Amino acid sequence: MNLLRIGIVTLVVGLSLMVVTNMRALPIGTGLQGSYIGMFGPFLLEPRETIVVLRSVDPPTDLTLSVINQKFWNPNQNISQTVTAFSIGNLTQSDIVIFDVPSRGLYYVVLSNETGLSGQTSIRLDQRGFAPDLLWVSAALLFTGVITVAVQGIRILKTHKRPA
C-alpha cells in the first residue's frame, strides 16, 4: 500500500507541475526606459522564446542589442570582449528581435550604439512558450507516478486472485 501512496503522490505532483508549466507558457512582459548606452536587468530568463521590441529610439540611430549572462557580466569590460548569449546589430525603432537563451538564469540586456550619442530608448521584453526543462520534469514525474500506480495495482490484483 505504501508504494501505491507514493505513486499517487508522484502522479499528483507531476500533474500539478504540468498544469503550472502550461500556465507559465503565457507571455510575461515588461516595459523599461533607459539610455542608449545602457543596461537593463537583470532579468530571470528561461530557455524559451524571448522577444525584445524597441518601442522608441530618440534620436534615431542604429543600436546593438546584447544579452549577457550574469556570470559573465563585468560592467568595466568592453561589450565586444564579453561572452554574450545573444547579440545583434543595426537595430532601429520598432524592430523586433526573437531569440532563445541557452539556459535558465539572470541576464542583462545591453543596448549600445557606435556613435556614442546619448538619448532615450524604450524596450519591451516578453517570454512565451513552454520552458522545456519544466516540461520534461513534469512529464517524467507524471510517467513515474502512472507506472508506479499501475505496477502496484497489478500486484494487488494478483494477490486477490490467488485461491487460498
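FYI, it's all coordinate maths here, none of it is from the lab. Keep in mind the model is a prediction, meaning the values are calculated, not measured. Neighbour counts are summed over all protein chains in view; Cβ atoms, including those assigned to glycine, are modelled from backbone coordinates with ideal geometry.
So here's what we get for this one:
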{"item": "Most mobile of GLY119, GLY38, GLY153 in a GNM of the chain (Cα contacts under 10 Å)", "result": "GLY153"}
{"item": "Built amide H within the under 5 Å cut-off of ARG48, gap 5+", "result": "VAL101"}
{"item": "Choice from VAL149, VAL52, VAL109 with maximal GNM fluctuation in the chain (Cα, 10 Å cutoff)", "result": "VAL149"}
{"item": "Karplus (6.51, -1.76, 1.60) ³J(HN,Hα), θ = phi - 60°, over region 44-54, in Hz, Gly and Pro reported as x", "result": "7, 9, 10, x, 8, 4, 10, 10, 10, 10, 7"}
{"item": "Estimated distance in nm for a label pair at ARG5 and LYS158, the labels positioned 7 Å out from Cα along Cα-to-Cβ", "result": "2.3 nm"}
{"item": "Residue (of LEU142, THR92, PRO132) at the positive-pole extreme of the chain, dipole from beta-carbon charges", "result": "LEU142"}
{"item": "Choice from SER138, SER80, SER94 with maximal GNM fluctuation in the chain (Cα, 10 Å cutoff)", "result": "SER80"}
{"item": "Whole-Hz ³J(HN,Hα) from phi, Karplus 6.51 cos²θ - 1.76 cosθ + 1.60, for region 84-100, glycine and proline x", "result": "9, 7, 7, 8, 8, x, 6, 8, 10, 4, 6, 6, 10, 10, 10, 7, 10"}
{"item": "With Cα atoms, 0 to 90° folded angle of helix 2-24 axis to the chain main axis", "result": "30 degrees"}
{"item": "Spacing of the two label points (7 Å from each Cα toward its C-beta) at ALA131 and ALA25, in nm", "result": "1.5 nm"}
{"item": "Hz values of 3J(HN,Hα) by residue in region 103-114 - Karplus curve (6.51, -1.76, 1.60), Gly and Pro given as x", "result": "8, 5, x, 8, 10, 9, 9, 10, 9, 9, 10, 7"}
{"item": "Per-pair calculated FRET efficiency, R0 = 45 Å: ASP95 and ALA139 via Cβ, rounded to 0.05", "result": "0.80"}
{"item": "Efficiency of FRET between ASP58 and VAL146 - r from beta-carbon atoms, R0 45 angstrom, step 0.05", "result": "0.20"}
{"item": "Positive dipole terminus of region 26-129, leading residue within THR64, THR82, LEU111 (C-beta point charges)", "result": "THR82"}
{"item": "Where labels lie 7 Å past Cα in the beta-carbon direction, separation of ARG104 and SER16 in nm", "result": "1.6 nm"}
{"item": "Sum of -39500 (n - 2.57) over DSSP H runs of 4+, divided by residues of the chain (222 nm, nearest 500)", "result": "-11500 deg cm²/dmol"}
{"item": "Dipole magnitude (debye, nearest 20) for the chain, charges at Cβ of Lys, Arg, Asp, Glu", "result": "1440 debye"}
{"item": "Square roots of 5 times each gyration tensor eigenvalue, C-alpha, the chain, largest first, Å", "result": "51, 14, 10"}
